[in-house]
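Down below is the structure, laid out as C-alpha cells.
The values are calculated or read from the model by the stated rules, or taken from the named source; none is laboratory data. All figures in this text were calculated on a predicted structure; none of them were measured in a lab. Cβ placement follows ideal geometry from the backbone for every residue including glycine, while neighbour counts extend to all protein chains displayed.
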Amino acid sequence: MGARCVCLFAPLGVLALLTLAQQPKAQPKPGAVAGGVFAGRSGKPMAKARLLLGEIQGDQEVTYAKIKLPAAAPTAICDDQGRFQFKGFAPGEYTIVYQPSGAAVVLPLEFDIKPFLAVTRSIAPELRGYELGKNEPYPQRAWGRNFTLLKGHTFYSEGANMKVWNATARRGLQGPYIEIRRSLVWISRLDNNSQINFEAWGY
C-alpha cells in the first residue's frame, strides 16, 4: 500500500487567534516627563508639597473659567529640597495646583476660577495702572465666597476698581492652592523634559 497523507484542518477562527497570539503586543507609548524645583518666594523649598497637573477649561463667557483635575492627573511629591517630577502626561498647556505638606483634604475634580477675573472697589481709587502691595505686604483676605488670598498678595489699581495681580490663593480651608500671576492663573506649556519654573507667592 502507498503511504497515506493525513491532513489536519482547523477552523478559520482558530487560525486567526493563533496568528494574533504570535504577533508581539504593541507597547503603550510612555508619556512625557518634566520637573523642577518648587520653592516659596522667600526661597524656602516647599518640601513634601503635593503637586497635580490641572487643565484650564473655558466657556462662552470668559477664557479662563475652570480648573479640571482629571481622574488620573499626574501627581508629584516634592523632596526636602523642593524638587519634583511629573511622569506620564501628554504634552500641552497645564496649570499646577498643590497642597502644602500636611494638608490631606480630598480635592475636587473641577472648580470654578472665574472669581479671579472679578474686580472689587479699590483701596486706592486715586491711583490707576499701579501695583498695590509691593511695598507693604497685605494681610490674608477673603476673595469671593470660596477663596482666600494669602499674605503678600498684590492688586492692580484701575482707578475706582482693582483686581488680583500676583497672589497665592487657597480654595476652602485646606486647598487646593493655585498661583496667580499678572491677574491670570499660572499656566505653562509642558513638553517632554521641560524644566518647570514654579513659585509659591505667599510663602
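Some observations on this one:
- Among the conditions (1) assigned to a loop (DSSP other than H, G, I, E, B); (2) more than 16 Å from the chain's Cα centre (by Cα); (3) of a type in the set (Gly, Ala, Ser); (4) surrounded by fewer than 13 Cβ atoms within 10 Å (Cβ to Cβ), Ala71 misses just one, which is (2).
Table: residues versus (1) in contact (Cβ under 8 Å) with a residue 40 or more places away in the chain; (2) small (Gly, Ala, Ser); (3) surrounded by 19 or more Cβ atoms within 10 Å (Cβ to Cβ).
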residue: Lys114; (1), (2), (3): yes, no, no
residue: Ala118; (1), (2), (3): yes, yes, no
residue: Gly129; (1), (2), (3): no, yes, no
residue: Gly159; (1), (2), (3): no, yes, no
residue: Thr168; (1), (2), (3): no, no, yes
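- Sole residue being surrounded by fewer than 18 Cβ atoms within 10 Å (Cβ to Cβ), touching a Gly at 6+ places or on another chain (Cβ under 9 Å), in contact (Cβ under 8 Å) with a residue 12 or more places away in the chain and within 17 Å of Phe38 (Cβ to Cβ), chosen from Asn146, Asn197, Asn192: Asn197
- Extreme residue, farthest from Ala104 (Cα to Cα), among residues of segment 163-188 that are among the basic types (Lys, Arg) and part of a strand (DSSP E or B): Lys163
- Between Ala169, Ala72, the distinction of being under 29 Å from Gln195 (Cβ atoms), of a type in the set (A, V, I, L, M, F, W, C) and in contact with a Phe, Trp or Tyr (Cβ under 6 Å, 6 or more places away or on another chain) belongs to Ala169 only.
- From the options Gly43, Gly31, Gly35, residue that is closer than 26 Å to Ile113 by Cα and at pLDDT 65 or above: Gly35
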